[in-house]
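Working notes, beginning with the structure itself.
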Amino acid sequence: MNEPEAPSRRPLLRWHPDTLETLATRPEHYSPIISTSRLRSFRYALAGWLYMLRYQKNTRIQAFFSITVFLLGLWLGLSPVEWAILLLTITINWMAEFVNAAIEAAVNLASPGLHPMARVGKDVGAAAVLLTSVAAAIIGSLILGPPLLTRLEPVIISLLRR
């Protein structure tokens with residue numbers, strides 16, 4: 001007597017053909033520059049950062065505020081948790097600025113002329129930077145504001161008494 005055949009099980013995870021196609025795509029087949037050295041990759045990243053500082057006014061403004069916040073944090077003696085929050089916030093803001101510049105460069109390359117969708121891509125990238133900048137200002141005010149006011153209170157009171 002034949003035993004009943006067990007029902008076939010579907011694999012737990014089945015990749016969609018689009019996913020498999022993406023996974024099979026090798027970047028070295030399409031990119032003119034593939035770094036084979038970690039040091040070279042670091043130099044490319046540094047070149048990108050220096051490019052941003054040289055050509056992007058907002059990045060220079062961001063560098064000024066990042067340094068200012070860092071110096072204020074040292075002066076105010078922030079706790080490790082406050083430092084972690086501030087550094088994470090600053091990093092996210094820098095990342096948004098860098099990604100926005102990369103989007104703008106790619107859009108300019110793909111669409112040198114004026115095109116409504118190119119404008120949308122650039123505007124959405126800029127909106128991401130605006131969002132992170134506003135959030136950074138709020139977070140910075142919440143963390144730096146109270147200890148800064150405590151430190152400056154005697155100065156403010158003496159100025160008001162004059």
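Each value in this text was obtained by applying a stated rule to the coordinates, not by laboratory testing. Just so it is clear, the model here is predicted, and its values are computed rather than measured. Cβ sites come from the backbone with ideal geometry, for glycine too, and all protein chains shown count toward neighbours.
Overview of values
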quantity	calculated
Exposure proxy order (Cβ contacts within 10 Å, fewest to most) of Met52, Met117	Met117, Met52
Farthest toward positive dipole pole in the range 37-161 [+1 Lys/Arg, -1 Asp/Glu at C-beta], among Pro80, Met117, Thr132	Met117
For Leu74, Leu160, order by how many other beta-carbon atoms lie within 10 Å, fewest first	Leu160, Leu74
Residues Lys57, Lys122 arranged by fewest to most Cβ contacts within 10 Å	Lys57, Lys122
Calculated FRET value between Ala45 and Val124, using beta carbons and R₀ = 25 Å, to 0.05	0.55
Cα-only radius of gyration and Dmax that characterise the range 37-161, units Å	18.7, 63
Segment Asn108-Leu23, extension gain: residue separation times 0.36 nm, minus the distance between their alpha carbons	27.8 nm
R0 of 30 Å, Cβ-Cβ distance Lys57-Trp15: FRET efficiency to nearest 0.05	0.10
Full-stretch length increase - Tyr30, Thr150 - with 0.36 nm per residue and alpha-carbon distance subtracted	37.5 nm
Whether the range 62-127 is rounded, prolate or oblate, judged on the alpha carbon gyration tensor where a/c under 1.5 counts as rounded	prolate
Nearest-ten-degree value, helix 116-161 long axis tilted from longest Cα axis of the chain	30 degrees
